[in-house]
Amino acid sequence: MNDIYLAALQLAKEGVSVVPVAMDGSKRPGIYSWNKYQEQRPTTQELVDWFSKGTQQGVGAICGAVSGNLEMLELEGRAVAAQIHIQAKDMAENSGLGEIWQKIQDGYCEVTPSGGIHWLYRIKDGEVPGNQKLARRPGENGGVDVLCETRGEGGFVILAPSGGACHPSGESWKMLNGSIQTIPTITLAEREALFSIFKCFDEMPKIENIAQEVKSREVNLALPGDDYNSKVS
């Protein structure tokens with residue numbers, strides 16, 4: 001039995017909705033009608049049809065209620081290169097969240113082909129929201145670079161040991177800590193506490209700050225002739 005097929009069966013056994021990955025580097029699901037698996041897990045026969053032939057190079061999971069309130073937290077490769085994962089760990093430990101940090105770190109943690117980090121966990125006391133962007137920064141040519149985001153309700157994530165044609169680089173997703181069998185469960189409060197740390201790294205200008213700056217400039221802006229008029233009056 002190949003590693004991809006084994007991972008698919010293990011994920012299914014743990015109640016995760018599993019689908020194959022497209023082998024064109026697009027990082028999308030490898031089946032045309034995958035939306036239904038956002039609401040129902042595939043059958044054993046479907047898993048056999050998809051993965052048993054040994055040709056499939058990737059395994060993906062659908063997050064949310066269908067997978068037992070599964071959510072994925074991702075730190076992009078550019079964020080890891082900036083050592084945000086180290087800063088976040090220090091912030092967690094210094095703010096009394098070290099135990100929660102270690103829980104997700106030891107439960108299921110993998111590295112992506114681009115050098116990013118995935119943490120998988122389940123929420124035990126509430127629904128998983130949709131995908132969220134927790135930290136961003138201005139990018140080149142007016143773009144936006146995402147630093148940290150989630151895959152929530154209905155979101156798709158590629159998991160280890162996927163690789164080969166599933167990523168443009170041909171590299172693989174690799175486990176760092178934990179396993180499919182040790183995906184941790186946390187509370188909504190613990191989740192929000194962790195998110196508050198990663199939100200600290202958001203560098204996008206805040207709308208309220210921009211509005212205040214514009215307002216201040218409008219108040220301080222002198223019209224032509226105002227200085228002269230004030231001197232002669």
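The values are calculated or read from the model by the stated rules, or taken from the named source; none is laboratory data. Keep in mind that what you see is a predicted model, and the values were worked out from it rather than measured. So basically every Cβ, Gly included, is an ideal-geometry build from the backbone, and we count neighbours across all protein chains shown. Note: accessible area is taken over every heavy atom of the protein model, side chains too, but ligands, DNA and RNA are not part of it. Shrake-Rupley method; radii C 1.70, N 1.55, O 1.52, S 1.80 Å.
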Helices (runs of 4 or more DSSP H) (entirely within region 1-89) containing at least 3 residues that are buried (at least 18 other Cβ atoms within 10 Å of the Cβ): 3-13, 44-51
Filter result (under 15 Å from Gly154 (Cα atoms), in contact with a Lys or Arg (Cβ under 8 Å, 6 or more places away or on another chain) and of a type outside the set (S, T, N, Q)) within region 16-25: Val16, Val18
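Restricting the search to region 149-175, which residues are hydrophobic (A, V, I, L, M, F, W, C) and in contact with a Cys (Cβ under 7 Å, 6 or more places away or on another chain)?
Scanning region 149-175 gives Val157, Ile158.
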Residue pairs meeting the criteria (Cβ under 7 Å; at least 6 apart or on separate chains; first among the hydroxyl-bearing types (Ser, Thr, Tyr), in region 62-85; second open to solvent by less than 20 Å² (accessible area, probe 1.4 Å)): Ser67/Gly15; Ser67/Val16; Ser67/Ser17; Ser67/Ala61
Output for region 110-128, where each listed residue is surrounded by fewer than 19 Cβ atoms within 10 Å (Cβ to Cβ) and under 12 Å from Cys63 (Cβ atoms): Glu127
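Can you pull out every residue in region 184-200 that is open to solvent by 20 Å² or more (accessible area, probe 1.4 Å) and β-branched (Val, Ile, Thr)?
Narrowing region 184-200 to residues open to solvent by 20 Å² or more (accessible area, probe 1.4 Å): 185, 187-190, 192-193, 196, 199-200.
Scanning region 184-200 gives Thr185, Thr187.
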Candidate set from region 129-183 (those that are charged (D, E, K, R) and open to solvent by less than 50 Å² (accessible area, probe 1.4 Å)); member that is nearest to Lys199 (Cα to Cα): Glu149
Residue check, Gly107 at pLDDT below 95 and surrounded by fewer than 21 Cβ atoms within 10 Å (Cβ to Cβ): no
Total residues in region 141-195, condition polar (S, T, N, Q), in contact with a strand residue (DSSP E or B) (Cβ under 6 Å, 6 or more places away or on another chain) and closer than 23 Å to Gly130 by Cα: 2
